[in-house]
Structures are given as structure tokens and as C-alpha cells.
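Colleague: There's a structure below that I have some questions on.
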Amino acid sequence: YEPFIIPKDRKMFFRTIVEKTPQFGRFTDDQGEWFSYLTPILDNNGNVVYVIELYRPTEQLDRTDKEVGSKVFRITAITILIIAIFAFVFSYIFTYPLRKIMKGIGHLSRGNFEHVIDLPAKDEFGDVAVAFNKMTEDLKKHMSSLAKTTAEKEKIISELRIARKMQTDILPVNFPPYPGLDNIEIYAEMIPAKEVCGDYYDYFMIDKTHLAVLIADVSGKGVSAALFMMVIRSLLRISIAENHDPASAISKVNKIISNDNPSSSFVSMFLMITDI
């Protein structure tokens, strides 16, 4: 116990006496900075008779605070790092099925239908993987079927183009056809409803003075009608060349096709043979 005179700037000391309650805080004197804890001692009448003071240099407290703060920082940093590692590991484990599914979708988007997602069907992700693999297999079969159908369709279209070219090539297309004959004017055009058809026209000089003009329509459309038309055209040209009478020429061709016509195809026809 060391009695001494309290200077006026020790406001915390006088506040302890006036308020009769413990006070604590820092103060500075000639010897340095201190941390002080003050508590009043009261008599039976409630008056302050003594003030007990415990004080320490703040240097020790600051050093302790720094040590504690450093330890708390290290513990906090280590805790956060451990939590982050655990979070990353758990995230990697839990998102592994999802990443495999996303990888499978990437392969599918690039047209790789052979990729299979290998996940055990134990949860929802496994069910999604099974559904995805089935979808990929179905899509692969569909694409194969579509490619085959497309190839067959392209082949048919190509054959139809060839048939159309063959059909149009046998039709007369030079107009005027006989520049040296001023008394003859002819023009014709055929536009088929499909790639090929059974309609056709024809004109030709049988000899130097006789001109044959023919317009015909074979029943039906498509390749069969076009083929039937080409047969009729060839037969008529031969028959007309042998006989300049239209009725006789058509009658002869009619007898030929009626003997071998299982499809019952027929032809509507206009035939004119004129002496120019």
C-alpha cells in the first residue's frame, strides 16, 4: 500500500469516489502508460473511505493482445482453410455425377453417339444416366435410319431426274421446227405435275409432204405413266411411218398394248396427219 496525492487529471479516480462504482481504463503519467482498475471501499454509512487500485503497464497488455490476436488469426485462417478444403472435396464428390452427365451432353452435342455415361443407378443421377444412355442409343438408331432413308430418297430423286431428262429429251423443243416451210407454225410446252408424267406431245414429218401432230395423256402420273408414254410414242412413230391413216395407225398400236397391259393403263390421244 502506497499513499500518494492523486493529480486532477486522474478523472477516472475521482469518478470512482463520486459515483462509488468500480472504474477501469488507461492513464498516462511521467512513468508511462498504465491500465488501471479502481474499486471503492465503503463504510457503514456508504461513504468512500478507501480506493483500491490495481494497475499494470499497458505494454504487457498490448503484447498479450497481439499474441492473442495473432493466435486467433492463425486459428481462424486454419479453420477457414480446412472448411474450404472440406467444402471443395464434398462439392467434388457430390457434383461428380452431374459433371459426368454434362460431359455426356457435350459428347452428344458434338455428334458422338457412342459415348456412354457410366453411373450406378442408385439415385436420381443414376436414373438420369440410364435415361440419357437409352436416348443416345435411340437417337443413334434414328440417325442411322434417317441416313438410310435420306440416301434412298436421294437415289429415287436422282433416278427421277434422269427419267425426267430422258422424257424431256424425246420431246421436240426447236421452234419454229421447219424454218423452210412458211406455211407451218408450231409451238408446244409440257410442264409435268410431278418429276415425270404421262403427258406428251409430238410432231414430225412422215415424208416430204405429210406432217403428223400428236397430243396424248397416259392415265396416272409418275414413272409408270412416263414409261408407258415412251412405249406408246415409239409404237406410234413406227405405226404412223408405215400407215398414213390415223385410224389404222392407232388401231394397230391399240391391239399391241391391249395384248400385254396388266396394269390396264390407257391413253387419251389426239392424232392429226395432214398433207402440207
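Colleague: Taking the Cα centre of the chain as origin and charging only Cβ (+1 Lys, Arg; -1 Asp, Glu), how large is the dipole, in debye to the nearest 20? Can you show the working numbers first?
Modeller: Values: 32 positive and 35 negative charges, 146 e Å.
The dipole magnitude comes to about 700 debye.
Colleague: Between residue 90 and residue 221, what is the FRET efficiency for a Förster distance of 51 Å, r being their Cβ-Cβ separation, to the nearest 0.05?
Modeller: Numbers: r = 70 Å, r/R0 = 1.37.
Here the calculated transfer efficiency is 0.15.
Colleague: To continue, here is another question. Any chance you could run the full-extension gain for residue 45 through residue 134? It's 0.36 nm times the residue separation minus the Cα-Cα distance, nm to one decimal.
Modeller: Length difference between fully extended and current span is 22.6 nm.
Colleague: Treat the range 1-46 as a sphere of radius equal to its Kirkwood radius over Cα pairs and apply Stokes-Einstein at 10 °C in a medium of 1.306 mPa s; give the translational diffusion coefficient in µm²/s, rounded to a whole number. Show your work: numbers first, answer last.
Modeller: Working: Rh = 11.8 Å.
Rounded to a whole number, D works out at 135 µm²/s.
Colleague: Shape call for the range 132-276 from the C-alpha gyration tensor, a ≥ b ≥ c root eigenvalues: rounded (a/c under 1.5), prolate (a/b greater than b/c) or oblate? If you can, show how the numbers build up before the last one.
Modeller: Details: a/c = 4.48, a/b = 2.28, b/c = 1.97.
Cα axes put the range 132-276 in the prolate bin.
Colleague: Same structure again: Counting other C-beta atoms within 10 Å, and keeping those with at most 16, which DSSP coil chymotrypsin sites (Phe, Trp or Tyr not before Pro) do you find in the range 153-205?
Modeller: Values: sites: 187, 200, 201, 203, 204; in loops: 187.
Qualifying residues, ordered by number: 187.
Colleague: Leaving out ligands, DNA and RNA but keeping every protein chain, what accessible area does residue 108 have, in Å² rounded to the nearest 10, with a 1.4 Å probe?
Modeller: The accessible area of residue 108 comes to roughly 40 Å².
Colleague: Cα-based Rg (one decimal) and Dmax (whole number) for the chain, in Å?
Modeller: Rg, Dmax (Cα atoms, Å): 55.8, 161.
Colleague: Any chance you could look up the accessible area of residue 118 with a 1.4 Å probe, heavy atoms only, rounded to 10 Å²?
Modeller: Looks like 120 Å² after rounding.
Colleague: Residue farthest toward the positive end of the dipole of the range 193-276, with Cβ of Lys/Arg at +1 and Asp/Glu at -1: which of 244, 209, 270?
Modeller: 270
Colleague: Let me have the 222 nm mean residue ellipticity of the chain computed from DSSP H runs of 4+ only, each contributing -39500 (n - 2.57), with the sum over all residues rounded to the nearest 500.
Modeller: On the way: 5 runs with 140 residues, N = 276.
After summing the helix terms and dividing by the residues of the chain, the value is -18000 deg cm²/dmol.
Colleague: Find the relative contact order for the range 190-243 and round it to a whole percent, using C-alpha pairs within less than 8 Å whose residues are 6+ positions apart.
Modeller: Details: 63 pairs, mean separation 18.3, N = 54.
Reported relative contact order: 34 percent.
Colleague: Something else: For the chain, which longest stretch is free of loop sites, where a loop site is one of the trypsin sites (Lys or Arg not before Pro) that DSSP puts outside H, G, I, E and B and that has at most 15 other Cβ atoms within 10 Å?
Modeller: The reported range is 21-109.
Colleague: From the phi of every residue in the range 23-33, what ³J(HN,Hα) in whole Hz does the Karplus formula 6.51 cos²θ - 1.76 cosθ + 1.60 yield, where θ is phi - 60° and glycine or proline is x?
Modeller: Per residue, the Karplus-derived 3J(HN,Hα) values read 9, 8, x, 10, 8, 10, 10, 5, 8, x, 9 Hz.
Colleague: Ordering 166, 272, 190 by how much accessible area each has at a 1.4 Å probe, largest first, what is the list?
Modeller: Numbers: 166 100, 272 75, 190 45 Å².
So the residues, ranked largest to smallest area, are 166, 272, 190.
Colleague: Set the Förster radius R0 to 35 Å, insert the Cβ-Cβ distance between residue 255 and residue 155 as r into 1/(1 + (r/R0)^6), and round the FRET efficiency to 0.05.
Modeller: Values: r = 37 Å, r/R0 = 1.07.
Approximately 0.40, to the nearest 0.05.
Colleague: Let me ask something else about it. Suppose every Lys and Arg Cβ carries +1 and every Asp and Glu Cβ carries -1, with no other charges. What dipole size does the range 147-276 come out with about its Cα centre, to the nearest 20 debye? It would help to have the intermediate numbers written out before the result.
Modeller: Numbers: 13 positive and 16 negative charges, 123 e Å.
Around 580 debye, computed over the range 147-276.
Colleague: Ordering 239, 251 by accessible area with a probe of 1.4 Å, largest first, what comes out? Can you show the working numbers first?
Modeller: On the way: 239 5, 251 55 Å².
So the residues, ranked largest to smallest area, are 251, 239.
Colleague: Here is a follow-up. Need one value: the accessible area of residue 273 in square angstrom, 1.4 angstrom probe, rounded to the nearest 10.
Modeller: 30
Colleague: Suppose we take every Cα in the range 1-90 and form the convex hull; what volume per residue is that in Å³? Spell out each step's value before the answer.
Modeller: Numbers: hull volume 13.9 nm³, N = 90.
In the range 1-90, the Cα hull volume divided by residue count equals 155 Å³.
Colleague: Would any residue of the range 17-39 have its amide N under 19 Å from a label point 7 Å out along Cα→Cβ of residue 66? List them or say none.
Modeller: Flagged as within label range: 32-35.
Colleague: In addition: How far apart, in nanometres, would the label points at residue 114 and residue 275 be if each is projected 7 angstrom from Cα along the Cα-to-Cβ direction?
Modeller: Distance between label points: 8.0 nm.
Colleague: Just list whichever of 20/66; 155/221; 221/255; 155/255; 103/141; 153/252 have alpha carbons separated by over 29 Å in the model shown.
Modeller: On the way: 20/66 33 Å; 155/221 19 Å; 221/255 23 Å; 155/255 36 Å; 103/141 21 Å; 153/252 39 Å.
Violating the 29 Å limit, Cα to Cα: 20/66; 155/255; 153/252.
Colleague: Once phi is turned into θ = phi - 60°, what whole-Hz ³J(HN,Hα) does the Karplus curve with 6.51, -1.76 and 1.60 give for every residue of the range 161-167, x standing for Gly and Pro?
Modeller: 4, 4, 5, 5, 5, 4, 5
The values are calculated or read from the model by the stated rules, or taken from the named source; none is laboratory data. Values in this document were obtained by computation on a predicted structure and should not be read as measured data. Counting neighbours? That spans all protein chains shown, and the Cβs are built from the backbone with ideal geometry, glycine included. To get the accessible areas, we keep the full protein, side chains included, count just its heavy atoms, and leave off ligands, DNA and RNA. Shrake-Rupley method; radii C 1.70, N 1.55, O 1.52, S 1.80 Å.
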